[in-house]
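The values are calculated or read from the model by the stated rules, or taken from the named source; none is laboratory data. From a predicted model like this one, the values you see are computed outputs, not experimental measurements. Cβ placement follows ideal geometry from the backbone for every residue including glycine, while neighbour counts extend to all protein chains displayed.
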Amino acid sequence: MARAVENRSVADAEPDALSEAEATEELARLSGLLRAANTAYHTDDAPEISDAEYDRLKRRNLAIEARFPQLKRSDSPSDQVGAALAEGFSKVTHEVRMLSLENAFEAADVADFVDRVRKYLGLDGPLAFTAEPKIDGLSLSLRYEQGRLVQAATRGDGEVGENVTENARRIADIPQRLEGAPDVLEVRGEVYMSHADFQALNARQAERGGKTFANPRNAAAGSLRQLDANITAARPLKFFAYAWGALSAPLAEQQFAAIEKLASLGFKTNPLTRRFDTAEALLHHYAEIEAQRASLGYDIDGVVYKVDDLALQRRLGFRSTTPRWAIAHKFAAELAWTRLLAIDIQVGRTGALSPVARLQPVTVGGVVVSNATLHNEDYIQGRDSKGAPIREGKDIRVGDFVQVYRAGDVIPKIADVDLSQRPDDAQPFDFPTFCPECQSPALREEGDAVRRCSGGLICPAQAVERLRHFVSRAAFDIEGLGAKQVEAFFKDGWIATPADIFTLKARFGTGIQQLKNREGWGPKSAENLFDAIDEKRKIPLNRLIFALGIRHVGESSASLLATHYGSWAAFEAAMTGATIGEGPVWADLLSIDGVGAVLAASVVAAFQNPRERAAIDSLVAELEVQSVTARAPVDSPVAGKIVVFTGTLAKMTRAEAKARAESLGAKVAGSVSAKTDLLVAGPGAGSKAKAAEALGVEILDEDGWLALIGSA
Ligand code: IVH
């Protein structure tokens, strides 16, 4: 009997047949397997075992634990069901938002940036900037309290990131303790991987048959976002500090000095960080950094310029997602020549017919490219949107030898054609006038460069693209329901519009069997999916507006609309009641800084189109839309007030005054009405001051205003 047990594998034995020693061994094996399966599923998005096998391992683990309760491991997989593991990382709301940077691509954009900063501040005197490499990694915010590292969070959507504290503790460049730091200090910087470490990691992974990474940035992201911090510890991550978030006391009065302070606290800061007084000097440093790019040993994708004086940074403040005091000057695109094999037409979310170049694969700046955008039919024909020639009027034909380029993360583009290599039989491209997906006429409105399918929701391509957009990360971001899944569900006729996602369970819940029988789905994943969908029934207004996929409405304009209207009821009422081009509701919509007439008309038109409206209404009926409040400091004396500026301001430009008021939660209006709370009147104030007096509106001069907001 004893011999028999020795001869067969413990992994195959029935739980009842195991000895205590074998059970211990088997529980350890199962714990390892399940942990790896969780990581593959939740973190790498690359499941390695089927749901059925996962469930079998789970059940086996439980059965052995039931027989030998004393052997249950402290990290038992049965204690880690669902919640903790399924949800991955817990969420962290950043006390100070993590922003992104505006991009500059040419010297002229940099000069323009410097001019804009000067103009905004109304400044003629000297103005210094720092210049430092833009590291191509992922940003991380490290929170220290009383000198101890208490939290590390990824950027996420800028407002809410993932809690990766345990992982960050395993990165050698990140100090656990600081001497002489403010009580609260959030240090921000970039986690990255060196070229040498990246190559060694990929070689190790390949040898083990594990996942290899496409580039050092993906490797850094994949290594930091590990549910098992031991995996992070085994990956060679590095960190450069370049910014900060919440602070209990200032680090310094200048950007450059603040970075030196971070270095003195023990952080790695980039050795190519310098300070300059002119745009010319910034550009000169840019050229020097670019010349060293290949020999730095880590990826950078540009140079970041920041206003050095922190008091000026505060005055400049932020737009919706980027600071006015910084810009990223990206390196020029990388180029290569290859053959154009075909031109395909893709139909997008808004019906746009987009020509896509299928290319003979070619390496452009280290990445293999086989597709590129061709923009629109004019671009293919060698004309810009105004009819003027581009590429000296050369058109692009299938079979041509074309120049491909990439700039940063953007989709590769076609820059040029080599006519000397054009095949004799190459034909001009005939742009379709019917939608290739639903055969509806594809029309081009006057002034629009894009030809659009007129099929609306009956066009399957538009419907799928809308669904893909709807579940994307910045929209509903439903765990387990990505682009691939919505496409498959759409194809099978399970969902046609976003509302259908929320009725899936009611329609299929009891017959879970149907989902379960699909390839790659088991009872566990089906239930997880329904739970994940239910979780997103509560949705913040800004995400909902973005998710609707209305033309011209991006993530930041959706946020502007959400903060302006606050609630779904108010937003919906305004969009329903507005008349495009006239009336008070329209004027109110246009009063939002950052909302122009094109965007406004597009939103109003969507709400007033009966088919669109029906789709929106049935979606919202499934949801609980969370109101959004402006991120204003609660103790601001002007929060919620309607303020009007008039006359000449001496200490700030009008733009700065308006932005500052808005950052304190006030609404800035262009004219005085009974709703106005406050008029700030400089010298030369005329009719607005009179109107305010007549209406009994409080009037302050510039100093009075500055005293009120606490920055006199
Ligand atoms: S400053 C408020 N400095 O670039 C501005 N960002 O495109 C905070 N990045 O999200 C960013 N190197 O992840 C800054 N030297 C640098 C940087 C840098 C890389 C990243 C950062 C940011 C992204 C914006």
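Some notes on this structure:
- Residue identified as touching a strand residue (DSSP E or B) at 6+ places or on another chain (Cβ under 9 Å), at pLDDT below 95, surrounded by fewer than 20 Cβ atoms within 10 Å (Cβ to Cβ) and of a type in the set (Val, Ile, Thr) among Val184, Val160: Val160
- The set of residues from the stretch 669-696 being without any contact (Cβ under 8 Å) to a residue 40 or more places away in the chain and of a type in the set (A, V, I, L, M, F, W, C) comprises Val672, Ala674, Leu679, Val680, Ala681, Ala685, Ala691, Ala694, Leu695.
- Residue that is of a type in the set (A, V, I, L, M) and at pLDDT 90 or above, where the choices are Val634, Val625: Val625
- Scan the stretch 501-519 for residues that are surrounded by 13 or more Cβ atoms within 10 Å (Cβ to Cβ) and either out of contact with any helix residue (DSSP H, G or I) (no Cβ under 8 Å at 6 or more places or on another chain) or modelled with pLDDT under 90 (or both) and the total you get is 10.
- Within the stretch 91-105, residues that are among the aromatic types (Phe, Trp, Tyr) sit with their Cβ atoms under 8 Å from residues that are within 13 Å of the ligand (Cβ to nearest atom), at 6+ positions apart or across chains, in these pairs: Phe105/His329; Phe105/Lys330.
- When Val638, Val672, Val604, Val628 are checked against the criterion of being closer than 22 Å to Arg543 by Cα, in a loop (DSSP other than H, G, I, E, B) and of a type in the set (A, V, I, L, M, F, W, C), Val628 stands alone in meeting it.
- Residue check for Ala153: hydrophobic (A, V, I, L, M, F, W, C) and surrounded by fewer than 21 Cβ atoms within 10 Å (Cβ to Cβ): no
- The stretch 312-350 - residue that is touching a strand residue (DSSP E or B) at 6+ places or on another chain (Cβ under 9 Å), under 30 Å from Gln462 (Cα atoms) and of a type in the set (Val, Ile, Thr) and, of those, nearest to the ligand (Cβ to nearest atom): Thr350
- Residue check: Ser370 meets all listed conditions (1) free of Cβ contacts under 8 Å to residues at least 24 places away in the same chain; (2) surrounded by 18 or more Cβ atoms within 10 Å (Cβ to Cβ) but one, namely (2).
So that you can scan it fast, the table gives a plain yes or no per residue for (1) within 16 Å of the ligand (Cβ to nearest atom); (2) in contact with a helix residue (DSSP H, G or I) (Cβ under 7 Å, 6 or more places away or on another chain):
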{"site": "Glu65", "(1), (2)": "no, yes"}
{"site": "Phe89", "(1), (2)": "no, no"}
{"site": "Val96", "(1), (2)": "yes, no"}
{"site": "Asn103", "(1), (2)": "yes, no"}
{"site": "Arg116", "(1), (2)": "no, no"}
{"site": "Glu132", "(1), (2)": "yes, no"}
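- Of everything in the stretch 586-602 that is of a type in the set (Val, Ile, Thr) and buried (at least 16 other Cβ atoms within 10 Å of the Cβ), the residue that is farthest from Val553 (Cα to Cα) is Ile592.
- Residue list for the stretch 281-311, restricted to those being more than 12 Å from the ligand (Cβ to nearest atom) and at pLDDT 95 or above: Ala281, Leu282, Leu283, His284, His285, Tyr286, Ala287, Glu288, Asp308, Asp309, Leu310, Ala311
- Residues that are touching a residue at least 40 places away in the same chain (Cβ under 8 Å) and over 24 Å from Leu121 (Cβ atoms) number at least 3 in the following strands (runs of 3 or more DSSP E) confined to the stretch 272-340: 300-307.
- Subset of the stretch 154-206 (residues that are small (Gly, Ala, Ser), out of contact with any His (no Cβ under 9 Å at 6 or more places or on another chain) and assigned to a loop (DSSP other than H, G, I, E, B)): Ala172, Gly180, Ala181, Ser194
Rundown of residues vs (1) touching a Lys or Arg at 6+ places or on another chain (Cβ under 9 Å); (2) modelled with pLDDT of 90 or more; (3) hydrophobic (A, V, I, L, M, F, W, C); (4) exposed (fewer than 12 other Cβ atoms within 10 Å of the Cβ), yes/no style:
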site: Val402; (1), (2), (3), (4): yes, yes, yes, no
site: Arg406; (1), (2), (3), (4): yes, no, no, no
site: Gln421; (1), (2), (3), (4): yes, yes, no, no
site: Pro432; (1), (2), (3), (4): yes, yes, no, no
site: Arg444; (1), (2), (3), (4): yes, yes, no, no
site: Asp448; (1), (2), (3), (4): no, no, no, no
site: Cys453; (1), (2), (3), (4): no, yes, yes, no
site: Gly456; (1), (2), (3), (4): yes, no, no, no
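- Taken as a whole, the condition of being part of a loop (DSSP other than H, G, I, E, B), free of Cβ contacts under 8 Å to residues at least 60 places away in the same chain and under 15 Å from Gly348 (Cα atoms) applies to Gln439.
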